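What follows is calculated from the coordinates using simple rules that are stated; it is not laboratory data. Bear in mind the structure is a predicted one, so any value in this text is a computation, not a measurement. Methodologically, a virtual Cβ is constructed for each residue, glycine included, from the backbone with ideal geometry; neighbour enumeration extends over all protein chains shown.
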Ligand code: NDP
């Protein structure tokens, strides 16, 4: 029996056994947690002095690049984890959700870092806004690394994904992590951390692992730290009010169990494809990970007229589900993660069944595929029907964290929305409907109490990622009983680990702080056209004020002919007179094109491509006889450390463009996005 070790302050600790951990398959003792107490003061000092220093020596782009390499490494080494994962009760496809879902989330955060964060450690949440009439005092927001440590406490059901989905955004945000997995399945997390350690990819001090208790860790945290928690609502409620967390206002993000629901819309009848989709979704959620997913469907709500047909279809599918040794081919559902969970789930089934009808399951399965499984933590897939759900509170309160769902009828939309709300806050709900009007009515109502809402029908089903799958791009977490927290959701998750501050000062000061040009800041006029400078030579604020151009009627006519845009405002003297502008005006896109003609440096040079523009506004009309000019200013530089196909390094440069008229009034405003070559990689012609 192997003794698991904690990785704390740069040392693997643990030689004496404490809690014996059993294989969920056959109950054999496979690992033990260690008995040695950990020095959490040393862990925090190590994280702050070494981890933080190393992480903040890198910028967002560099940390994103490490995440990408790490995700590749984990993908290459995944099979080692699959072997261990089966002892948690996971089938191959259950392990896929945990292991490859985890690596996929790291890949996703690598891309989010590359695409949405700067090559610096200050995120400008602009635009800056003028606060004074003369333009000398402005305000904006920045996000910076919190300069603290993230403590992640995880649940037993996703030993790999659970660590990685919290670690990836924290690492990107520059926070060293101390991770405590649930003891029952900590052997898989330990194997993951050993892999990460062996990869040598992370800066020292970025990640520490606790096997066993958190001891006095929470007492030692400071105001710059963060705690995240996934597990039971009861533990969340206890930890959330830890005196040190309350006293120091340490952010505490909780993701707790919830009574997620799936609603079969009132428009769906027997024979509709959507009815079968509903049944499949419920059965998949009951059996994947043996129902041990915080997002699994616990309450299935169907129109009263469809109750019996749905119950029968679910039962028929569950009957065909082969339960047994998750390592065997053909086995669709393995055991729960531990005998303790088996005991809890069987007890919860008893409570749920009171006054209700067990359609199938409800106990340890009679038939199991495989040998020597008597001591395994198996529970049969269990469908309960509650015919009076408005009168029964237990079905909306008791979560059997296993392959258990309660099916309930509803009479109309009003009633089903009331039933859904009885969960008092859930992570996710699914509505199966063909009718957009039903979706438009129900979803905004349900959104107040559900973290994620999936609308399923025949059109979306072939590409659906499923009710139970949190995605890195979308928010995971729900209000009320679900913990009130938020994880994932793309860059939102990274921002949870950053500190936001409002900054006020002159535009020049704000530009210096944010490393972004702010309108009104001093610009650097230069003799060399900014488009002729390589990435390294460009400085924020380098600017070009162009020559002028008077717009003529011929311009408007020519542009209309070229584009085919003969809108009355440009061509109909009478209608244009009656318009809010009182005269014919130039096309906005002509102004944009003419501005490009004013500022572009035509010869080949370091600017490789223009790939779009942002924040375009036409602010004032440009009429016949108006004279325009443009100011082009280097606004933002991001070094994504990328090279093109020829090996030429390139960076992203955003340019601020202001187009003004003869009275110096702003007529158009936007950012252009370009790729600019690096001098270091380019043979200068
Ligand atoms: P717990 O809430 O007991 O444990 C979750 C995590 O918190 C584990 O890492 C646990 O460690 C840790 N923990 C428990 N008490 C403390 C404490 N006082 N201080 C610091 N850390 C603590 O949940 P379980 O894993 O035991 O599961 C119980 C129930 O929670 C399930 O049956 C299910 O209903 C629900 N659940 C919800 C999940 C979700 O994703 N929302 C996931 C898993 C479970 P240790 O294991 O060492 O006790």
Ellipsoid equivalent to segment 576-627 - semi-axes via the Cα gyration tensor, in Å: 30, 13, 7
Between segment 534-588 and segment 188-217, the Cα center-to-center distance that results, in Å: 59
Cα-based Rg / Dmax (Å) for segment 483-600: 22.2, 64
Percent breakdown of C-alpha pair distances by 10 Å bin, ordered from the shortest bin, for segment 298-421: 13, 41, 30, 13, 2, 0
Crossing angle, helix 161-172 versus the chain [Cα axis fit, 0-90 degrees, rounded to tens]: 30
Separation in nanometres of the label points that stand 7 Å from Cα toward Cβ, at residue 502 and residue 627: 4.2
Cα gyration tensor shape for segment 532-685, rounded if a/c is under 1.5, else prolate or oblate: prolate
Cα-based Rg / Dmax (Å) for segment 153-283: 19.3, 60
Ellipsoid equivalent to segment 234-282 - semi-axes via the Cα gyration tensor, in Å: 44, 9, 8
Gained length - residue 679 relative to residue 536, 0.36 nm times residue gap less alpha-carbon distance: 50.8 nm
Rounded tilt (10° steps) of 339-353 against the dominant C-alpha axis of the chain: 90
Residues 151, 591, 600 arranged by fewest to most Cβ contacts within 10 Å: 600, 591, 151
Burial ranking of peptide ranges 384-394, 258-268 (average Cβ count within 10 Å, highest at the top): 258-268, 384-394
Residue 522/residue 111 FRET efficiency (R0 35 Å; Cβ-Cβ; nearest 0.05): 0.50
Inter-site label distance for residue 96 and residue 198 at 7 Å from Cα along Cβ, in nm: 2.5
For segment 212-313, alpha-carbon Rg over 2.2 N^0.38 Å: 1.61
Calculated diffusion of the chain, Stokes-Einstein form, Kirkwood radius summed over Cα pairs, 37 °C and 0.692 mPa s, µm²/s: 115
Packing-based exposure ordering (other Cβ within 10 Å, fewest first) of 343, 467: 343, 467
Footprinting exposure proxy for 230, 88, 418, 105 (fewest neighbouring C-beta atoms within 10 Å first): 418, 105, 230, 88
Distance between modelled label sites at residue 573 and residue 20, nm, 7 Å Cα→Cβ extension: 10.0
Mean-position separation - Cα centroids, segment 609-624 and segment 273-295, in angstrom: 49
Distance between segment 460-487 and segment 340-390 - C-alpha centres, whole angstrom: 26
FRET efficiency, 1/(1 + (r/R0)^6) with R0 45 Å, evaluated for residue 609 and residue 147 via beta carbons: 0.75
Sites residue 642 and residue 473, calculated FRET efficiency, Cβ-Cβ separation with R0 25 Å, nearest 0.05: 0.70
Calculated on alpha-carbon atoms, Rg and Dmax of segment 256-338 in Å: 13.9, 41
Added length on full extension, which subtracts the Cα-Cα distance from 0.36 nm per residue, residue 463 to residue 340: 40.6 nm
Expected 222 nm ellipticity per residue - DSSP helices of 4 or more, -39500 (n - 2.57), all of the chain, to 500: -9000 deg cm²/dmol
Globularity ratio of segment 378-520, using Cα Rg and 2.2 N^0.38 Å: 1.46
